[in-house]
Structure formats: structure tokens, C-alpha cells
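Asker: Provided herewith is a single structure, encoded as C-alpha cells, for subsequent inquiry.
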Amino acid sequence: EDQVTQSPEALRLQEGESSSLNCSYTVSGLRGLFWYRQDPGKGPEFLFTLYSAGEEKEKERLKATLTKKESFLHITAPKPEDSATYLCAVQALGGYGGATNKLIFGTGTLLAVQP
Amino acid sequence: EADIYQTPRYLVIGTGKKITLECSQTMGHDKMYWYQQDPGMELHLIHYSYGVNSTEKGDLSSESTVSRIRTEHFPLTLESARPSHTSQYLCASMGLGDREGLLMNTEAFFGQGTRLTVV
């Protein structure tokens, strides 16, 4: 069964204290891994897409990396405005070599950055 | 900014009422999704569609129904609302994009959500 697990569930950092969030996945052929940020009461906001192992994407203080089993979201020198829930989602290989239409989400990591 | 809209943003309704949550996107995406999310909890897929006149149930059993008569519109209906339906409902859409000459699914774009309270 396709599964996505994120850790830790919650993380508290001091402003400027770098860290990483983990997303482990088991899917029958990965067609795409997506990182989102979600603020309370709002819909998830897209951050990155990674398609193959070894791929990296960067945006401001965030950097996402991908291996065959997991993805990391590295946060460098975070600021209080980076506080949010970070969600990881995968799209798996479907029939006939294409991608399935389902997007499977992990439970998220709640990040709190204190000034 | 994503062009996907949900209405209403907030809804408080009595038990037994019929309600329809609206979701529209102007990006021409073929795939659309409904997720249910309780505060601080994960997103659960309840319905999805990969084109006009196609709908599928998601992983979480739901008493709601959906329809996809037009590409841009994917409404969700509860025939008889109950307090157990109180939750946030999120709509998303996904299209196709070119990646190194191959057609691949793009990222999913989410609406702002509808916070439903059934009293």
C-alpha cells in the first residue's frame, strides 16, 4: 500500500537555527513528490516538485532534496514567518505506465520558529 | 497565484439540511480533488475526478457526493448534514505540464477551503 510518513510531527526552532524535515515514502513507482506549506485555516500552498532521486530544488531559505526512499526539506536560518505546517505528498505510478490520479499526503510537520 | 476558488469560506448550518460546496478553477485542469481536514490533522481524500463525467471515491469514506459536468466546476453535496460532517473541506486541481519533453502531472493547486459547522 502506498504510504507517506513525515517526521517529526512538531518542531520548535529558535530564529536562525537550521534544521531538516523528513518525508519517507513507499509507493509503487514514484511519479512526483510535492512539498506544501499550510497556514492555519488556509489551503496548502505549493513549494516544490521533485521527480527523481538526486534532484534538488531551492527557494529562499528552503531546499528540498530527494532520494529513492525519502525527501528532506532543509530550512536554513529560519525566521518566525516560516512557522507553518509543512506537508509532503506523492503521486504514484498507475496502470499502463502512467501516473495515478491520486495524491497521497503525509500528516505534516508543524514548525514553530521563535524570535 | 492559483486560480481555484471555493465558496462559501465559512458555513454554519443545521442538522438535516442539504448543502453544496462550490469549487471552480480557471486553469483548464483535468484532475480535481476534494479533501477533508480536521484542525491539526492530515488531509483525507474523499473524492476525485480526472475529467468531465468521471468521479471516483477517495480513501476516506464520505456520505457526500460530487459531480463533474464541466471541466472547471466540481461541486460537493451533502444531502443531509450531520454534526459529524463538521470539518474543513479543501478542493484542489492538477493539470499536465511539459518536463523535458514529457507530459507530467503538475503540482496540485488548492483553494482556500470551506469551514463547515453543522449544529
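The values are calculated or read from the model by the stated rules, or taken from the named source; none is laboratory data. Nothing here was measured: the structure is a model prediction, and the numbers come from that model. FYI the Cβ positions are ideal-geometry reconstructions off the backbone, even for glycines, and counts take in every protein chain you see. Note: accessible area is taken over every heavy atom of the protein model, side chains too, but ligands, DNA and RNA are not part of it. Shrake-Rupley method; radii C 1.70, N 1.55, O 1.52, S 1.80 Å.
Asker: With every protein chain kept in the model, how would you rank B:VAL52, A:VAL27, B:VAL119, A:VAL113 by accessible area, 1.4 Å probe, largest at the top? Don't skip to the answer; put the middle values down first.
Answerer: Values: B:VAL52 70, A:VAL27 35, B:VAL119 105, A:VAL113 10 Å².
From most exposed to least exposed: B:VAL119, B:VAL52, A:VAL27, A:VAL113.
Asker: Computed FRET efficiency, Cβ-Cβ of B:VAL119 and B:VAL52, R0 25 Å: what is it to the nearest 0.05? Could you put the intermediate results ahead of the total?
Answerer: On the way: r = 36 Å, r/R0 = 1.42.
About 0.10, to the nearest 0.05.
Asker: Next question. If you add up the charges near A:SER71, with Lys and Arg at +1 and Asp and Glu at -1, over every other residue whose beta carbon is less than 12 angstrom from its beta carbon, what do you get? Intermediate results must be reported in sequence, preceding the final value.
Answerer: Details: positive: A:LYS57, A:LYS63, A:LYS68, A:LYS69; negative: A:GLU55, A:GLU56, A:GLU70.
With Lys, Arg at +1 and Asp, Glu at -1, the neighbours total +1.
Asker: Distance in nm between label sites at A:ARG12 and B:THR77, each 7 Å beyond Cα in the beta-carbon direction?
Answerer: Result for the modelled spin labels: 4.8 nm.
Asker: When chain A is modelled as a GNM with alpha-carbon springs shorter than 10 Å, which of A:LEU50, A:LEU66, A:LEU13 fluctuates the most?
Answerer: A:LEU13
Asker: Dipole magnitude of chain A about its Cα centre, charges +1 at Lys/Arg Cβ and -1 at Asp/Glu Cβ only, in debye to the nearest 20? Could you put the intermediate results ahead of the total?
Answerer: Details: 12 positive and 14 negative charges, 45 e Å.
In total the dipole reaches around 220 debye.
Asker: With +1 on the Cβ of every Lys and Arg and -1 on the Cβ of every Asp and Glu, and nothing else charged, how large is the dipole of the protein assembly as shown about its Cα centre, in debye rounded to the nearest 20? Could you put the intermediate results ahead of the total?
Answerer: Details: 22 positive and 28 negative charges, 90 e Å.
Roughly 440 debye for the protein assembly as shown.
Asker: Also, quick follow-up: Towards the positive end of the charge dipole of the protein assembly as shown, with charges on Cβ (+1 Lys, Arg; -1 Asp, Glu), say which of A:LEU13, B:THR117, B:GLN25 has the farthest Cα.
Answerer: The Cα lying farthest towards the positive end belongs to B:THR117.
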